[in-house]
1. If you take the charge dipole of the chain about its Cα centre, with +1 on Lys and Arg Cβ and -1 on Asp and Glu Cβ, which of P58, F169, H442 is farthest toward its positive end?
2. Taking the alpha-carbon distance from K451 and a cut-off under 29 Å, which lysines remain once sequence neighbours fewer than 8 residues away in the same chain are dropped?
3. Quick check: residue separation of Y381 and F165 times 0.36 nm, minus the Cα distance between them. What number comes out in nm?
4. Put a dot 7 Å past each Cα toward the Cβ at D204 and K68; how far apart are the dots in nm?
5. Return the sequence-ordered ³J(HN,Hα) values of the stretch 352-357 in whole Hz as given by the Karplus equation 6.51 cos²θ - 1.76 cosθ + 1.60 applied to θ = phi - 60°, using x for Gly and Pro.
6. Ignoring ligands, DNA and RNA, what percent of the 1.4 Å accessible area of the chain is carbon and sulfur?
7. Quick one: Karplus J couplings for the stretch 268-284, per residue in order, coefficients 6.51, -1.76, 1.60, θ = phi - 60°, nearest Hz, x for Gly and Pro?
8. As a test question: what accessible area, to the nearest 10 Å², does E19 have when a 1.4 Å probe is rolled over all protein chains in place?
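The values are calculated or read from the model by the stated rules, or taken from the named source; none is laboratory data. Since this is a predicted model, take the numbers as computed values, not measurements. Using ideal geometry, Cβ is built from the backbone for each residue, glycine included, and neighbour counts are taken over all protein chains shown. What goes into the accessible areas is simple: the full protein's heavy atoms, side chains included, and nothing from ligands, DNA or RNA. Shrake-Rupley method; radii C 1.70, N 1.55, O 1.52, S 1.80 Å.
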Amino acid sequence: MRCSNAAMNQPEPQSQPYEVLLGDIAKGLVKIPQFQREFVWSRDKSAALIDSILRGYPIGTFILWRTKETLRTVRNIGDAQLPSPPDGEYVNQVLDGQQRLTSLFAALRGLKISHDDGREKEDFSNIRINLAAADDEPYTFVNDEECDSQSTIRVVDLVSKGLKFLTKFPDKYHERIEQFQQRLKSYLFSVVLVKDVPIDVATDIFTRINEGGKPLTPFEIMVAKTYVEDKFDLAKACDELLEELRDVEFETIPEMTILQLAAVLMRGDCRKKILLGLPRKEFIAAWPKVIDAVKHTVDYLRTTFRIPASRLLPYPAMIIPLGYWFHKTKGSKPKHADADRMRTLFWRIAVESRYSSGLEGEVAQDIRRVDEILAGREPKYDSMPNLTWEMIRDHGHFGVGRAFIRGILCMLAARNPESFDDGSKVILDNDWLIQANSKNYHHFFPRAFLKKQGVEYWVANHIANITIIDDRLNKSAIRDKAPSKYMKMFSSNKKLSESLRTHLIDLEGSGIWEDDYDIFFEKRCRRIASEMRKLVGPE
């Protein structure tokens, strides 16, 4: 009869004695993977755990993942400098029971534990046993003071000191010392061993039993999976890349998007199961190509599409099809017809809200479209985006969290908007663009002014009423003045009409001098729709 892999990999309940479990920890054969949370137990809680063992009570089950995967471990158990296992050796990664296991090891080895939040180290060597305690009283307690009493003994001394030390205690406690020592050393710990399962299965087990119930992200899993000590650390590699991109205002690209790009470059597919199945060595070898694709894409977005900051991108995943192009062409920019086709693809993604749901499937379709463009063919689309002025009117309520609105902001930013007062280029960065009430998002007809005119809020707070200007201008000059008044303040700008056209606004015939918002609103909707149609390309 043939056994299935599922049957062979069933979790295996075991009972491990003190010597085996603690010995494996000391040998570096038990590790805490990077995705575990910080050790938070207090010494009092650890003392209570030791008390339960002394009474022979169950203390719960440890779930260990037996694997040859080399994972990123963020801490050794109890801050002890434990050895690394030999290459190819199985290691038991702790999926459940980190707090209990760390408490045990720290108390029984007398360790001091530091905390990630900067608290002072805690000395677990000062967990003591009260030899004179009655059975209905706690056996264990924490004492940091000098203790001369011959009726208490440190847990670490109980399990590590020899007969000569232990016989110094009064005769009446010898039997109890021997009894407690025997209970600790003969205690059978309940262990469930999960053997040789893939990392996504192991982390799914961790997620299901994790107290907070918060699933591990694919990025957290891949950080753990691809880690090679002193050679590759995905978390650090992503931090370094994003720090470089900070200089050009593209540091807000999510790490997950970078991983999805990596999966597309390696497999042409960014589904989660494909990503998590990427072999460690192959992923590490491909990482420099991923970095090159990201950098070429960012440069292309800034220079060709004139998008000055990543915060404006409707979807961060828009870098994936572009990155795929640059990977396939070894960094060459699209030219001539290919440039038009890639532009059309980019702006269709921006206005069609395709990446709002079903991202992985939509990206797969767009990768096939890039393949068509690479082959010199026109890619096919299901339909033409509805970019009438009425659609802009009906769907243009302003909110920077809306991908459609960010697409229009991208288009406005790409026009290199000029300041009203002197015609200088408006400078944008991610810090300014983070929220809808940023002073860089100027309501051309101030909302306070429109409110007095009885204009509904959604009509006043509309993309057709938004211009991107300098922070200083919004604060000091415009405030809540009517357009006819504050425009006169900028008469010294001899290029005022041209500056306004960079915002898709005509100084004359747009209701500005008459403070007529109805005329302005419709004309700006029409200008926005017309410009977006040009970017999307012909049907």
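1. Farthest towards the positive pole: H442.
2. K439, K475, K481, K485, K488, K523
3. Result for the pair: 69.5 nm of gain on full extension.
4. 2.3 nm
5. Per residue, the Karplus-derived 3J(HN,Hα) values read 8, 6, 5, 8, 6, 8 Hz.
6. 47 percent
7. x, 7, 10, 4, 4, 5, 6, 4, 6, x, 5, x, 4, 4, 5, 5, 5
8. 110 Å²
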